[in-house]
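A short write-up of the structure that comes next.
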C-alpha cells in the first residue's frame, strides 16, 4: 500500500462521477456535421485524438471562451473555439471540466534529477568534483519514472525545463521534457536547452575548495569562457591539423558564446545579479536570470540589459538575515512585469522538502500579492514557452500547437481547486481529482 | 506596536499573587480583568476575588508595588471598548455569522454576535464591512525565533529549555504576526529523542521573551516537551542507531525519573535523604504527571505506534507531530484518543520517512474521529502562509469546519489553551485576525492581527507590509542597528 493506493481509490470514485459529469460523447447537431464526422472517421480516430471542453476555456491567445472546446488530432491542436461553432468529430472522446487551460510549463525545475527519496541514489542534480562542468547533460540523469514527475503531471504541469541545479559555478546543462512517464527520449522536447550557472553564496564550495568567494566564482567563470573562445577559434581553423582535440567542456561553452545556448545564471543577491549582467555584456552570451531574489533592487538595469527573469519560487524560504533569500519578495514577479521585463515562473530547486515544488501553487502567491490573474497564468504557459524558445509550439491553445491541456474544477491558483486531468499531445496522462 | 501600560515583570509566584490582588481591587472594574502584556492568564470563570485570600503574607510588598503600578495604569485609562462591525465572523466554536459584531476590551472579548449585538457606550467603532474576522491562529509546531534546545552531546535533553534560546527580535516572529499567528508552540528541532522543553508564546511585540511567555497562575512558563523518533534522532553513539535502541533509551529515562521520585518520596521531609535536584528528571516528572505535554515528532506508521506504546506504558499526555503516515493507522490513533498535529508539504518525499505522506492525512484522521491541527514547522512552511495548510487539507478532504479549527481551536486544545483562546467567545482573550476574504482562499490577505486586544500587525502600515510581502530590508529584524541611524533623531 502506498499513498498512490489512496489516490487510486479516490480516482475510482471520481472516475465514476466523471463518467456522468465530465465525460460525454459528442453528438452531431446537424447533418453536414455528421457527414464531416463520418469523413473524419473514415480517416480513423487515433490514440492522440481527443477533445477537451471547458465551461471556461483559457487559450492564452485571446479572450477566454465560454463553453469552449479544443479539438486535438494526432497530438496537435486542430481547432479551438466555442463548442457551439467548433465541430467535434463523431466518436471522439470529449473530456469536460469547469476550467480548461494550456498544459502548464515550468520555466525551471530539477525534477527527474532530484528524486523523490532525496537519497544519494536519486540525487543527480549536482556533481561536486569540479566547479565548472558544462558538459554534463541533463538527459543522462533524468528519471522519467520518478514519482515526482507523475506528481507534477497529475497537477496539470505538462512541460518542464529541468536539469542541473544551482550550487556550482557551472553545474551542467538543462533540457525540456514533457512530464509523461517512460524513457527520457519519449518525453524529450529539447535535449540541450541551456547551460546552468550560479553566482554568489550558492556557488561557493565548502572548506578550502574553490570558489570560496564571489570574486573567485566570477574569475573561474570568466576564465572558462575565455578558454572556450580560444577553443572556438581553434576549432574553426582551416587546417584540421591545427585544430585542438575535441573538448566537450569547451565546446559547450563555445555554444554559449555563439548564442546557441543561453546561460541560465542563478543569482539571488543584487550584487550577484549585477555580476551576471556585467559578464553578459563582456562576453555577449544570451543571459537568462534565475532566482533573482533581489531583482526588485535592479529593475532598470535588468530592463536595460534586455534580460528575461525566472524569479525564485515564491515559497522559497527567506530564512534569516544571512540567507541569499533574506530580501526575497512575493511581489517580484509583478514588479518585473511592471518594469517591462519578460518573466516566467518556476518551481526551482529544493534540497529538502518539498522535494519538488508545484509551479502554479508557487505562482499563486504572486497572484495573491497583485500579479494579475491573466499575467500569472501567462507566466506559467505562454510566457514560459516563449522564454524557452518554444512559443511556436507550446504555451497556448491554438491550432497547430501541441495538444497539451490541463483541466481544473476552478481557478487553478486557488488552494481548494482540484486538477481533474492532464492531457499531453492528445493523450490523457492523468485523471482523477487532485 | 502601541506603547503598553505594563507592570514591572518579574516572573515568579510573588508577581502572580500581586496580580491576583490587583485584579481583585477596585481598579479592575466590572467589565473585565485588567490584563496587560506579560501577565499570567486566569480563567474567566474564576472570579479573581477568590484568589485574594490566598496571597501569602511575604508577598505583600511586591503586591503593593505592583498594585500601585496597575492602579496608575488604570487611572491613565482602562482602554475603551473597541467594536468591529459588519464583518463576516468565523467564531470556530459556533456557526459563522454574517454582518457580525465583535467587541473587545482590555485583552478580552466582551461580545460576539450578529448585527443587533449591543455596542457599549464610548466604544471605538471600526467598520470592517466586507472583511472576515476569525480567531488568531495557533501554530502547534514552529521554529520561529530560533528556539533551539539540546546540543550534540547526547540524545536526551529534558533540562534544555527553548525559552533560554529564543530571540524575540528575530524577523520570523514578525512574519508570523503577518501570517495571523497569535499563539505558537516554539520547539527545539527533532535531532534528539528528547530535544528539550518547548515554549508556548503569545506573539506580542516584545522587548524580551518575558513579554511573550504564557504563564500559569503560579508563574510557571507554559510549554511542552519535544520528542522525536525515526531517523532524525538516530546517529553515531551516544545517539541511538536503531528504532529499538531509541525506544529503549526513552524507557530508561522515564524509569530513571520514576526512581528519582521514589527516592524523593522515601526521603519525605528529611532533606538529608532527598536526592540532589536533577533539573532534567524534574522536567521528565512533569511529563509523567501530565503537566507537560509531549509533542512527538514522528512520521512512519510503525514509529507512530511505538509512540502510542510508550504512552501506554508511562501514561504521558501526547500530541503526535507531523504524523505523515497517520492515515495508515488512523483507527489506532483514534482508539488511543491522541490528537495529531499534521504537516502539509506540497510534494511527498524529501526523506525516506516522508515518502508516503499525503495531503489527505488530515481528512482521513478527521473521519476516523481524531482531533486534528495543522502546523507550519516554520521554516519548513512559512508562517505567513499558515492558513494555506488548512486550505490545502480542505482541498484533500478535511471539512471546512475542521480546516478552520485545525489552525485555531484544535491547536489551542493541544496546548491546553482552549479555555483561553482559539475561538471568538465572550471572556476569551481578544486574539483575532481581520482578513480581506475567505480564510481558505489564496486571495485572502491578512490585514490585521490583534493579540489581547492590541493590534500587532497592520497591513496598511509600510513596515508591517514589508514583513508580509518580503523585500528589501524585510529580514533585518524589528529594530535595525543604532549605528545606522542619525544622532538625535526620534525613532
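No value in this document is a laboratory result; all are computed from the given coordinates. Here the structure is a predicted model, which means the values were calculated and not measured. Positions of Cβ are generated from backbone atoms using ideal geometry, with glycine treated the same way; all protein chains shown enter the neighbour counts.
Anyone know which of A:364, A:295, A:165 comes out most mobile in the 10 Å Cα GNM of chain A? Among A:364, A:295, A:165, the largest GNM mean-square fluctuation belongs to A:364. With the simple spin-label model, which puts each label point 7 Å out from Cα in the Cβ direction, the residue A:351 to residue A:119 separation comes to 2.0 nm. Rounded to two decimals, the Cα-based Rg/Rh of segment A:279-434, with Kirkwood Rh, is 0.99. Placing pseudo-labels 7 Å out from each Cα toward the beta carbon at residue B:153 and residue B:289 gives an inter-label distance of 2.6 nm. Between residue B:218 and residue B:118, take the C-beta separation as r, use R0 = 56 Å, and let me know the FRET efficiency to the nearest 0.05. Between residue B:218 and residue B:118 the formula returns 0.90.
Label positions at residue B:248 and residue B:169, each projected 7 Å from the Cα along the C-beta direction, are separated by 4.8 nm.
Within a 10 angstrom radius of each residue's Cβ in A:348-357, how many Cβ atoms of other chains show up on average? Whole number is fine. Show your work: numbers first, answer last.
On the way: counts 0, 0, 3, 1, 4, 13, 11, 9, 5, 2.
Average neighbour count from other chains, rounded to a whole number: 5.
Rg/Rh for segment A:104-387 (Cα atoms only, Rh after Kirkwood) is 0.96. Its alpha carbons give segment B:114-215 an Rg and a Dmax of 18.1, 62 Å.
Can you pull the mean other chain C-beta count within 10 Å for peptide A:427-434?
Values: counts 0, 0, 0, 0, 0, 0, 2, 3.
Average neighbour count from other chains, rounded to a whole number: 1.
Applying 0.36 nm per residue to the separation of residue B:472 and residue B:96 and subtracting their alpha-carbon distance, the gain on full extension is 131.5 nm.
Rounded to 0.05, the FRET efficiency of the residue A:206 and residue A:241 pair, given R0 = 45 Å and the Cβ-Cβ distance, is 0.55.
Computed on the protein assembly as shown, the Cα convex hull volume stands at 198 Å³ per residue. For the peptides B:209-216, B:295-302, A:351-358, the ranking by mean Cβ contacts within 10 Å, running from highest to lowest, is B:295-302, A:351-358, B:209-216.
For segment A:216-336, what is Rg from Cα atoms divided by 2.2 N^0.38 Å, rounded to two decimals?
Details: Rg = 17.2 Å, N = 121, 2.2 N^0.38 = 13.6 Å.
Here the Cα radius of gyration is 1.26 times the empirical estimate.
In the protein assembly as shown, helical runs assigned H by DSSP with n ≥ 4 each contribute -39500 (n - 2.57); averaged across all residues and rounded to the nearest 500, the mean residue ellipticity at 222 nm is -8500 deg cm²/dmol. Once the Cα atoms are used to define both axes, helix A:359-368 deviates from the longest principal axis of chain A by about 90 degrees. For segment B:137-429, the share of DSSP beta bridges that are antiparallel, to the nearest 5, is 30%.
In segment A:116-159, which residues have a backbone nitrogen under 17 Å from the label point lying 7 Å from residue A:219's Cα in the Cα-to-Cβ direction? Counting backbone N atoms under 17 Å from the label point, the list is A:131-132.
Note: segment A:355-420, Cα convex hull, 110 Å³ per residue.
Comparing A:59, A:416, A:179 in a Gaussian network model of chain A, where Cα atoms under 10 Å apart are tied by springs, the biggest mean-square fluctuation is seen for A:416. If you run the Gaussian network model on chain A, springs between alpha carbon atoms under 10 Å, then out of A:366, A:305, A:97 the most flexible one is A:305.
Pairwise over distinct Cα atoms, reciprocal of the mean inverse distance: report the Kirkwood radius of segment B:137-429 in Å, one decimal place.
Numbers: mean 1/r = 0.0521 Å⁻¹.
Across segment B:137-429, the inverse of the average 1/r is 19.2 Å.
At q = 0.18 Å⁻¹, what is the log10 ratio I(q)/I(0) for segment A:68-170, with the Debye formula run over Cα points and no solvent? For segment A:68-170, the Cα-only Debye profile gives -0.89. Considering only beta bridges that DSSP places wholly inside the protein assembly as shown, some 60 percent are antiparallel. Stokes-Einstein diffusion coefficient for segment A:222-291 at 20 °C in a medium of 1.002 mPa s, Rh from the Kirkwood formula over Cα pairs: what value in µm²/s? Diffusion coefficient, whole number: 166 µm²/s. Here, segment B:180-329 is characterised by an Rg to Rh ratio of 1.01, where Rg is the alpha-carbon radius of gyration and Rh the Kirkwood radius.
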